[in-house]
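A quick write-up on the structure given underneath.
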Amino acid sequence: MQDKANLYPELRILSPLAQTWVSYRRNPLAMAGLWCFAALLLLTLIGPLLVPYGMDEQHSEHLLLAPSWASSGNIDYFLGTDDLGRDILSRLVIGARLTFGYALGVVVIAMVVGTLIGMLAGMSKGLKSSVLHHLLDTLLSIPSLLLAIIMVAILGPGLGNTLIAITLALIPPFIRATYNAVHTEMQKEYIIASRLDGSPPWRIMRLAVLPNIVETLVAQTTRTLSAAILDISAVGFLGLGAQSPQPEWGAMLADSSDLIYLAPWTVTLPGMAILFSVLITNLVGEGIREALKEGND
């Protein structure tokens, strides 16, 4: 830590949060990912208000129109149209809320619930802790996508049921990550000293343990957000999630899969949207993890 303080003198007078931000800014890939993430988040919030056409507005005179940069394209339909004459740009922008926006909401709910349960489990001992540990091992042996598909099959197809199923499927990883982190912290000497000093358990958890497991929670959140985007898209692709005419990116892929040779842009553009959102999420998450690790060294 002394070597780093000599290398970066400004870190001596900054708070831990500010030190993390200074470390994060030195990573150009992470900053690029952060700006793209912010742009995607802004697009999710206000994009549907800016699109030129409705998500199911059809233009029968412009079926399978190529993107505007093609010789047969039209600038009024920048990314072209699908087989029903719907503007792909408008549908992709509106679909950002259904895929990326809902994935973000699902992860926040799963993180809050999973962290609370994991903290309770981490403080428990004996038979209760052992039973929970083996139960989590059983749930985590099932991939989250498969678990979500099973739940959707029980609840019925639809975007609402998909979100419920994916939320429930993503809670166990948060419980396990928090449980392991809390259980490790509870064995350390400063926790034992706090207990001997008479501090109540929740005060120890809030002021001592929680700040030291932030890195674990951030890492788990970014991994889970990528998984949530892919899960929502995959369930939509299978026809169990968003139903037509909702422009969820996975459902758009499924609707256009037969047109891959005739109109490849109808398939590649939703696929690139999914890839881009997962990529920038991973860039931001990796940057935060490296910044937090640097701050702890």
**Complete:** Largest-first ranking of ASP197, ASP83 by accessible area, probe 1.4 Å, whole protein assembly kept, is ASP197, ASP83
**Message:** Suppose all protein chains stay in the model; what accessible area per residue would a 1.4 Å probe give for the chain, in Å²?
**Reply:** 51 Å²
**Message:** Taking the Cα centre as origin and putting +1 on Lys and Arg beta-carbons and -1 on Asp and Glu beta-carbons, what dipole magnitude results for region 55-172, to the nearest 20 debye?
**Reply:** 840 debye
**Request:** Run the accessible area of region 19-175 with a 1.4 Å probe and give the carbon-and-sulfur part as a rounded percent.
**Result:** 72 percent
**Asked** Can you give the net charge of the other residues whose Cβ lies under 12 Å from the Cβ of ALA219, counting K and R as +1 and D and E as -1?
**Response** 0
**Item:** Inter-probe distance in nm under a simple model that places probes 7 Å from Cα toward Cβ, at MET272 and LEU63
**Value:** 2.5 nm
**Asked** Largest first, what is the accessible-area ranking of LEU45, LEU92 with a 1.4 Å probe?
**Response** LEU45, LEU92
**Extreme residue, positive dipole direction of the chain, given options ILE192, THR266, TYR179 (C-beta unit charges)** = ILE192
**Calculated from backbone phi, Karplus (6.51, -1.76, 1.60) coupling profile of region 74-90 in Hz, x at Gly/Pro** = 9, 5, 5, 10, 4, 9, x, 10, 9, 6, 9, x, 8, 5, 5, 4, 4
**Request:** Would you compute, from DSSP H runs of 4+ residues alone, the mean residue ellipticity of the chain at 222 nm, taking -39500 (n - 2.57) per run and dividing by the full residue count, rounded to the nearest 500?
**Result:** -22500 deg cm²/dmol
**Prompt:** For region 237-253, in order, what is each residue's ³J(HN,Hα) by Karplus, 6.51 cos²θ - 1.76 cosθ + 1.60 with θ = phi - 60°, in whole Hz (x at glycine and Pro)?
**Reply:** 4, 7, x, 9, x, 4, 9, 4, x, 4, x, 5, 4, x, 5, 4, 4
**Complete:** A student applying the Cα gyration tensor rule (rounded when a/c is under 1.5; otherwise prolate if a/b is larger than b/c, oblate if not) would label the chain oblate
**Fill in**
With Cα springs under 10 Å, the Gaussian network model of the chain assigns the largest mean-square fluctuation among LEU196, LEU63, LEU240 to LEU196
**Request:** Could you state how much accessible area THR115 has, in square angstrom rounded to the nearest 10, with a 1.4 Å probe and all protein chains kept in place?
**Result:** 20 Å²
**Relative packing of peptides 217-225, 145-153 - highest average C-beta neighbours within 10 Å first** = 217-225, 145-153
**Complete:** For the chain, the charge dipole (Cβ of Lys, Arg +1; Cβ of Asp, Glu -1; about the Cα centre) points to a positive end, and the Cα of ILE88, GLY241, GLY114 closest to that extreme belongs to GLY114
**Request:** Would you kindly derive the ³J(HN,Hα) couplings of region 211-226 from the backbone phi angles with the Karplus curve 6.51 cos²θ - 1.76 cosθ + 1.60 (θ = phi - 60°), listing them in order in whole Hz, with x for Gly and Pro?
**Result:** x, 8, 10, 4, 4, 4, 5, 5, 4, 5, 5, 5, 4, 6, 5, 4
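The values are calculated or read from the model by the stated rules, or taken from the named source; none is laboratory data. Predicted model, so just to flag it, every value in this text is computed and none were measured. In this analysis, Cβ positions are derived from the backbone assuming ideal geometry, glycine residues included, and neighbour counts consider all displayed protein chains. Only protein heavy atoms, including side chains, enter the accessible area calculation; ligands, DNA and RNA are left aside. Shrake-Rupley method; radii C 1.70, N 1.55, O 1.52, S 1.80 Å.
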